[in-house]
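Heads up: the structure comes next, in structure tokens.
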Amino acid sequence: MSIIHHAAVSVRDLTYRYSGEQSDLPVLNSVSLDISVGELVILTGASGSGKTTLLTLLGGLRTGATGLLEVFGKNITLGCTNELLDLRKQVGFIFQSHNLLPYLTAAENIRVGLEIHDHWRQIGLDAIESRCAELLDLLELSARSRFKPKDLSLGQKQRISIARAIANDPRLILADEPTASLDKDSAKVAIKILRQRADSQQCAVIVVTHDNKILDFADRIIHLENGSVL
Amino acid sequence: MPLSRRLPLAFRQLIDSPVKTAAAATGICFANVLVFFQLGLLNALYESQARPYSILNGEIFLVSSRFSRLSQTPSILINDVMRAQGLEGVDRVSGLSIALGTILLLPEGFTTNTQIYAFDPSNSAINARKANVSLSIINQYERASIDILSRPSTIKSIITALDSGKLYSTNLGIKQLTINSKAAIGSTFAADVSILMSQDNLLHYFPSRNSRLINIGVVKLKSGYSLSKVLSTLQDQLYPPGYHIKAMSLQEITKAEIVYWKKNTSLTFILGLGVIVGFVVSGIILYQILYSDVTSHLSEYATLLALGYSNAFVVRVVFAQAVMLTLASFPVAILFSLGLYAFMASATNLLVTMPFSRLVLVLLSTLFTSIFSCYLATSKLRRVDPSSLY
């Protein structure tokens, strides 16, 4: 299978085992796939099928896989620390359990995702705060901008997590169960935002989910079973 | 965007959990107080040995060339000392005799070693104002002044008697002695109690002493004369190297006194060990606090790593917290230590001080220990894949 050169993500024979594991069944077993810019791909599979592991490898949050993993044309399979750091800055990661910083307000949790970028620091605090306000408005959370996570509902926290992930207009969005804590309407808003990003922002979106309600928004659905793509 | 406008993550993390932060700061404060206590005790014990010199009525001191310490300084002839009287710049020369005896404490019924300072009240070697003593009272037969800076528990009954307007009758050796007044000299390792009396009284209680012998000559300079110049002249012309008497400044003699006690007792080793243990314990406390802090915030640090912040940045956040905690707890540690020093001084009459150099030393060492403990506590953070922290 040749590499598609305008692919955001190219994976060839990717295998991953947790350290110390000697089992014949690795977590990921010779996974190969390509995801292009502009695509919204949904990864499904039973618990333990390797979905989150694949997501963390794609986002540069984990190393130690064998095979080939290219993101934006860069081989990150054996990526060094600086390469992985650069990758993480280009990726918007939406965590399953939101992972907001408890000591920052909703707006500040989005801001912390922008301050990592040189160009935002150069533009200045006013622009950063303006961007945070814009995103909070988009996700219907303007009234909660000064609230800390402990004063927000699960769904609100997840929406903040989404806002943080998309704040810098990343070229790759990796979402791990983004709608799990959201009600039907909020879930629709969230997935529509991700769909709109894929279409107009020219980014690739990969969503891990068990939520059947959002499958229709995907360009493709990839099913993982026992670490392999079916 | 300047650093000052970026999100102060370390500070926000600290104030978000005020109870936890207060507990951590208290731990660091305790570690600092421990070190301050050890250092204070060590220095107090030594500096107190030099306190009696501060009440002498002069700037230059003439002692035997075999001088090692105040309580056991060999005798010298008063005539030899008086030779300094004619030198330019010298106002007057006086002599101080020192002896060790035992006095009987009543109603306790036990004897205690007593350092005795004796001088001629008409040519006092003691600065009466500094020693807070009345020279006319000193001159009375079989009378002495008690040093109120002696060990408090030992002189309690004496002070009680004097405070209620009574005289305290005791024995010095086998002869009767009446303590009729107070003075402020400063006790040393040599004895728990010190008393002041006239030279005539000393010879009365120690008849075998030669009346021409004293222990220290005290030289008072005329105003306007340079100490170093007069000292130099004394050392060149009257008491050259090799002579059986040497001239020393106050700084030189107090330094010699302290050096003697440091070198010739095991106190330096024991108390120095205490200081080292204090530093080690403070390091362990700091490590435990910082390790616990890193562990409890691991998922937040993992999130920062996942967002693209470097391991170095995350470690800097922890370092910043450690420095903030150290700096915040330091003033409180100083206050507690000063209180402890005051208590120590009142209980022992030791000269317990808090020099600025000690503040700097403890602050710098705590910062260093804090940063080193931080380095150890963040070893995992420096190497880890963020996903493995979930």
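Before moving on, here are some points about what is shown:
- Spacing of the two label points (7 Å from each Cα toward its C-beta) at B:Ser54 and B:Leu100, in nm: 2.5 nm
- Length-normalised contact order of the range A:98-153 in % [C-alpha pairs under 8 Å, at least 6 apart]: 51 percent
- Against the main long axis of the alpha-carbon atoms of chain A, helix A:81-90 sits at an angle near 50°.
- With contacts taken as Cα pairs under 8 Å and at least 6 residues apart, chain A reaches a relative contact order of 30 percent.
- Largest-first ordering by accessible area, 1.4 Å probe, given options B:Ser94, B:Ser299: B:Ser299, B:Ser94
- Backbone amide hydrogens, once placed in the peptide plane, bring B:Ile76 within less than 5 Å of B:Ile214, B:Asn215, excluding anything fewer than 5 places away on its chain.
- Straight-line reach from B:Lys156: taking Cα to Cα under 14 Å and skipping same-chain neighbours fewer than 8 places apart, the aspartates and glutamates in range are B:Glu108, B:Asp147, B:Asp192.
- Gain on full stretching of the segment that runs from B:Ile371 to B:Ser299 - 0.36 nm per residue minus C-alpha separation: 23.7 nm
- Largest to smallest accessible area among B:Leu234, B:Leu327 [probe 1.4 Å]: B:Leu327, B:Leu234
- Positive-end residue of B:Ser357, B:Ile195, A:Asn168, charge dipole of the protein assembly as shown with Cβ unit charges: B:Ile195
- With every protein chain in place, chain B: carbon and sulfur % of accessible area (1.4 Å): 62 percent
- Extension gain, A:Asp151 back to A:Asp169 (0.36 nm per residue minus Cα-Cα distance, nm): 3.7 nm
- Protein-protein interface of the range A:82-103, residues with accessible area decrease of at least 20 Å², isolated chain reference, 1.4 Å probe: A:Leu85, A:Arg88, A:Phe95, A:Asn99, A:Leu101, A:Pro102, A:Tyr103
- Dipole size of the protein assembly as shown about its Cα centre, with +1 on Lys/Arg Cβ and -1 on Asp/Glu Cβ: approximately 1780 debye, rounded to the nearest 20.
- Taking all protein chains together and rolling a 1.4 Å probe, B:Val280 ends up with roughly 80 Å² accessible.
- Principal axis dimensions, largest first and in whole angstrom, of the range B:66-243 by Cα: 54, 32, 27
- Solvent-accessible area per residue for the protein assembly as shown (1.4 angstrom probe, square angstrom): 44 Å²
- In summary, chain A shows an alpha-carbon radius of gyration equal to 1.00 times the 2.2 N^0.38 Å reference for compact globular proteins.
- Helix runs (DSSP H) in chain B reaching 27 Å along axis by Cα, Kyte-Doolittle at least 1.0: B:18-47, B:267-296, B:311-348, B:356-377
- A DSSP coil position with no more than 14 other Cβ atoms inside 10 Å describes the following trypsin sites (Lys or Arg not before Pro) in the range B:36-118: B:Arg66.
- Averaging 1/r across all pairs of distinct Cα atoms in the range B:275-327 and inverting the result yields a Kirkwood radius of 12.2 Å.
- Applying the Kirkwood pairwise sum to the alpha-carbon positions of chain B produces a hydrodynamic radius of 24.7 angstrom.
- Residue separation of B:Ser249 and B:Leu340 scaled by 0.36 nm, minus their Cα-Cα distance, works out to 29.5 nm of gained length.
- For the protein assembly as shown, with +1 on Lys and Arg beta carbons and -1 on Asp and Glu, the positive-most of B:Val35, B:Ile159, A:Leu224 along the dipole: B:Ile159
- The trypsin sites (Lys or Arg not before Pro) of the range A:129-213 meeting both criteria, a DSSP state outside H, G, I, E and B (loop) and at most 11 other C-beta atoms within 10 angstrom of the site's C-beta, are A:Arg146.
- Note on A:Asn212 and B:Gln288: the model spin-label points, each 7 Å out from Cα along the C-beta direction, lie 5.5 nm apart.
- For the protein assembly as shown, the Cα-based Rg and Dmax, in that order, read 39.8, 117 Å.
- Under 5 Å from the amide H of B:Leu87 lies no amide H of any residue 5 or more positions distant or on a separate chain, with H modelled from the backbone and absent for Pro and chain starts.
- Within a straight-line Cα-Cα reach of under 16 Å, A:Lys74 can be paired with the following lysines, leaving aside sequence neighbours fewer than 8 residues apart in one chain: A:Lys89.
- FRET efficiency for A:Ser36 and B:Ala23, using Cβ-Cβ distance with R0 set to 60 Å, rounded to 0.05: 0.70
- Listed by chain and number, the aspartates and glutamates placed with their C-alpha closer than 13 angstrom to that of B:Lys255 are B:Glu47; residues fewer than eight positions away on the same chain are left out.
- The range B:192-222 residues near the modelled B:Ser169 label - backbone nitrogen below 20 Å, point 7 Å along Cα→Cβ: B:205
- Checking every one of the trypsin sites (Lys or Arg not before Pro) in the range B:124-222 against DSSP loop status and a limit of 15 other Cβ atoms within 10 Å picks out B:Lys166, B:Arg212, B:Lys222.
The values are calculated or read from the model by the stated rules, or taken from the named source; none is laboratory data. Note that the structure is a prediction, hence the values are computed from the model and not measured. Here Cβ is always computed from backbone atoms with ideal geometry, including for glycine, and neighbour counts include all displayed protein chains. To get the accessible areas, we keep the full protein, side chains included, count just its heavy atoms, and leave off ligands, DNA and RNA. Shrake-Rupley method; radii C 1.70, N 1.55, O 1.52, S 1.80 Å.
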